[in-house]
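Novice: Got a structure here, written out as structure tokens. Questions coming.
The values are calculated or read from the model by the stated rules, or taken from the named source; none is laboratory data. Quick caveat: nothing in here was measured; it's all calculated off a predicted structure. A quick note on method: Cβ atoms are made from the backbone with ideal geometry, for glycine too, and the neighbour counts reach across all protein chains shown. What goes into the accessible areas is simple: the full protein's heavy atoms, side chains included, and nothing from ligands, DNA or RNA. Shrake-Rupley method; radii C 1.70, N 1.55, O 1.52, S 1.80 Å.
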Amino acid sequence: MVPTIPNVSPEGRYELKAAAEALGIDKSTLCRYRQEGLIKTTIRRSNGRTIYSGAEIIRLWKSMM
């Protein structure tokens with residue numbers, strides 16, 4: 001986990017790779033956090049991919065620090 005607040009827009013939407021990179025963790029770790037309910041996601045209707053909001057990324061980071 002990165003030591004400083006992730007550089008994401010609270011209103012932004014990020015796919016798995018970008019969210020994991022912003023947090024400084026592996027994609028599989030972020031998936032595990034999602035399965036454990038530590039971060040909420042939405043599904044993009046156009047392609048069915050999981051989306052992480054910038055606000056949720058920041059909230060997860062704060063809860064881990």
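Novice: Per-residue HN-Hα couplings for segment 44-60, Karplus 6.51 cos²θ - 1.76 cosθ + 1.60 at θ = phi - 60°, whole Hz, x for Gly and Pro?
Specialist: Each residue of segment 44-60 in turn: 6, 5, 5, 10, x, 7, 6, 10, 10, 7, x, 5, 5, 4, 5, 4, 4 Hz.
Novice: Skipping prolines and chain starts, which residues have an amide H placed within reach, meaning under 5 Å, of the one on G24, given they are 5 or more residues away or on another chain?
Specialist: V2
Novice: Give me the one-decimal nm value for the distance between modelled label points at E11 and K62, 7 Å along each residue's Cα-to-Cβ direction.
Specialist: If labels sit at E11 and K62, their model points lie 1.9 nm apart.
Novice: Just to check I understand the Karplus step: with θ = phi - 60° and J = 6.51 cos²θ - 1.76 cosθ + 1.60, what whole-Hz values come out for segment 12-22, glycine and proline as x?
Specialist: x, 10, 10, 7, 3, 4, 5, 5, 5, 5, 5
Novice: Taking only Cα atoms and a 10 Å spring cutoff, compute GNM fluctuations for the chain and point out the largest among G12, G48, G37.
Specialist: With Cα springs under 10 Å in the chain, the top fluctuation among G12, G48, G37 is at G48.
Novice: Okay, helix-only estimate at 222 nm for the chain: each DSSP H run of n ≥ 4 adds -39500 (n - 2.57), divide by all residues, round to 500 deg cm²/dmol; what do you get?
Specialist: Computed mean residue ellipticity for the chain: -12500 deg cm²/dmol.
Novice: Oh, and also: Roughly how many Å² is the accessible area per residue of the chain, as a whole number, for a 1.4 Å probe? Please report the intermediate quantities before stating the final value.
Specialist: Numbers: 4320 Å² over 65 residues.
Result: 66 Å² of accessible area for each residue.
Novice: Oh, and also: Going toward the positive end of the dipole of the chain, with +1 on Lys and Arg Cβ and -1 on Asp and Glu Cβ, which of G12, I58, I25 do you reach last?
Specialist: Result: G12.
Novice: Place a point 7 Å from Cα of R49 in the direction of its Cβ. Which residues in segment 1-20 have their backbone N less than 14 Å from it?
Specialist: Of the residues in segment 1-20, 13-20 have backbone N under 14 Å from the label point off R49.
Novice: With the full set of protein chains in place, find how many percent of the accessible area of the chain is carbon and sulfur; take the probe as 1.4 Å.
Specialist: 49 percent
Novice: Something else: Just the accessible area for E21, please: 1.4 Å probe, Å², rounded to the nearest 10?
Specialist: Number for this one is 120 Å².
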